[in-house]
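For reference, the structure discussed in these notes is given below.
The values are calculated or read from the model by the stated rules, or taken from the named source; none is laboratory data. This one's a predicted model, so the numbers in the text were calculated from it and none came from an experiment. A quick note on method: Cβ atoms are made from the backbone with ideal geometry, for glycine too, and the neighbour counts reach across all protein chains shown.
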């Protein structure tokens, strides 16, 4: 039996997946917490000598391929632009603040932030360096095990923007609704649930996220920007942190991450073969429902995330003791399931089941949990 890794960093197994595709050995489709597993469909192309590792932004191939990524998966109004940039996760927070929306004549920016997990908290702290930032909501009072309701959001109708992080990988929660902010633009970090469900882009000012969970190898950031919101950056914003720079140059002001963009194209082809985002939403929800059903009926395990706030991407669970958690993780590794240990901030276990995680991997994990629950 192939191993199944539930890590947040599935891209570590590109070589393993290539070998697995061609039957050279039973390698591990990762259940990683990010970057995520990539589907086997991709690896026929990787070893076919297409020459993308030596592509440039001047040879036309990257430009043509990049343009194709805008089509078909996000229903975007005409005034919305999608682009790619070679920025990793930590840069996203600073990038957003430098390119503050609706900067006033005196250079001031104020915004509302909902803090529902680790990455939203990082973004909130970074934002406070550059403007007047209000805490619109926080789930810290219950260790980020829930998503605030609409009536719990304290919104300023004059705010420059409202920010939230759609999925919280560490705590296993996910926003199940789009907040109503009136005329205030919504800025959303969708790094860990991008293209796992349909999104009405017209409700957002900016959507951004790292590609390493559901889209491509780490090192690529996708941004979907309402064009009227670009060009209002803070006066000290570096050129490369300006949304308008990337929009005007079609993501290629500098050499883009050609390999990542190529891989993104292959992932989108695969996603199309699965019925697009509508088809993927059904698949990912059925995988998550299977795990939650097993855990909710377990004798040993509980899910900290509250029903109605649970993530379909990252399923967190724990037993009554750290010793039993450690025993579960140890036996899981022996059975071929790796990277199930929870994040150091919360402990317990975490199964990351991003788009490319096969249903078989989730089914086998569910069977293992049942057996452990029965025999321990």
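Observations
- Scanning the range 124-144 for residues that are at pLDDT below 90 and touching a strand residue (DSSP E or B) at 6+ places or on another chain (Cβ under 7 Å) returns 127, 131, 132.
- Checked against the criteria, residue 223 does not count as over 21 Å from residue 352 (Cα atoms), more than 20 Å from the chain's Cα centre (by Cα) and either surrounded by fewer than 18 Cβ atoms within 10 Å (Cβ to Cβ) or in the same structural domain as residue 173 (by TED's automatic domain parsing) (or both).
- Test: residue in the range 261-270 that is under 24 Å from residue 351 (Cβ atoms), touching a helix residue (DSSP H, G or I) at 6+ places or on another chain (Cβ under 6 Å) and in contact (Cβ under 8 Å) with a residue 40 or more places away in the chain: yes
- Tally, over the range 198-216, of residues that are outside any strand (DSSP E or B), in contact with a helix residue (DSSP H, G or I) (Cβ under 8 Å, 6 or more places away or on another chain) and buried (at least 19 other Cβ atoms within 10 Å of the Cβ): 7
- Filter result for residue 341 (touching a helix residue (DSSP H, G or I) at 6+ places or on another chain (Cβ under 9 Å), under 21 Å from residue 212 (Cβ atoms) and without any contact (Cβ under 8 Å) to a residue 60 or more places away in the chain): yes
- Within the range 275-331, if we keep just the residues that are without any contact (Cβ under 8 Å) to a residue 12 or more places away in the chain and either assigned to a loop (DSSP other than H, G, I, E, B) or within 17 Å of the chain's Cα centre (by Cα) (or both), the residue that is nearest to residue 342 (Cα to Cα) turns out to be 321.
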